[in-house]
Amino acid sequence: MTATTPQGRTELLRPDGSPVRVLVVDDETALSELLSMALRYEGWEVRSAGDGAGALRSARDFRPDAVVLDVMLPDMDGLAVLGRLRRDMPEVPVLFLTARDAVEDRIAGLTAGGDDYVTKPFSLEEVVARLRGLIRRSGTAAVRSASLLAVGDLTLDEDSHEVCRAGDAIHLTATEFELLRYLMRNPRRVLSKAQILDRVWSYDFGGQANVVELYVSYLRKKIDAGRPPMIHTRRGAGYLIKPGE
């Protein structure tokens, strides 16, 4: 699925609303860090590995939705890594990075089961664009309305004002909806009572903290009741929302 971030980027998400996961495998640390940073900027969850053995361990633990794999690794050939990945994760799309532009190398990678490739040096924009295409075609991310916010299994449609958790409809008052929308537009970010008052109630902080506490308690009863909690208090700092664990 896709959504629009507060910065205006279209964000790919898993069907449950969590970020897409990408594993970056390259023994050039500076390149790996730069690429990982670019992918995180897209809103994706990223892990990296510097060799084939580390890549296979990370893939088992991380269960990525896509893999960026360097052909030349210090301990084993990227094609061998791909072969072992395919045994456990036959559907995961793989984008090869190669410093070799020979036709036979590209054919070998694609024949071995790679889905696409880019040749070094490459632009970060190209890698991101190719990954987006691979992930969409794999079915990991399906299209959804850009008006839909999602955090974990909680969704909020800004157009229809429908709110669901794990598929169950949740009925909110207008104020509860605005409070939840503000939290969900800022997942994992601590929002102070002053920020919430200004954004949801449109007035300055001045002895009105109790109204924020009251409406947070209302939301908790409707969102978190009988489920892993998503709305959390950071004492002395404020409130945040994140996927239930």
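Details
- Residues in the stretch 73-109 that are open to solvent by 80 Å² or more (accessible area, probe 1.4 Å) and at pLDDT below 85: 5 in all.
- Flag if GLU158 is touching a helix residue (DSSP H, G or I) at 6+ places or on another chain (Cβ under 7 Å), at pLDDT below 90, open to solvent by less than 70 Å² (accessible area, probe 1.4 Å) and not hydrophobic (A, V, I, L, M, F, W, C): yes
- Some residue of the stretch 238-245 being in a strand (DSSP E or B) and surrounded by fewer than 18 Cβ atoms within 10 Å (Cβ to Cβ): yes
- Subset of the stretch 207-225 that is on the phi < 0 side of the Ramachandran plot and outside any helix (DSSP H, G or I) - its residue that is modelled with the lowest pLDDT: GLN208
- Against the list (1) in contact with a strand residue (DSSP E or B) (Cβ under 7 Å, 6 or more places away or on another chain); (2) open to solvent by less than 80 Å² (accessible area, probe 1.4 Å), the condition ARG234 fails is (2).
The values are calculated or read from the model by the stated rules, or taken from the named source; none is laboratory data. Fair warning: this is a prediction, and the values are worked out from it, not measured in the lab. Virtual Cβ from ideal backbone geometry, glycine too; neighbours counted across all protein chains shown. Side chains included, ligands, DNA and RNA excluded: accessible areas come from the protein's heavy atoms. Shrake-Rupley method; radii C 1.70, N 1.55, O 1.52, S 1.80 Å.
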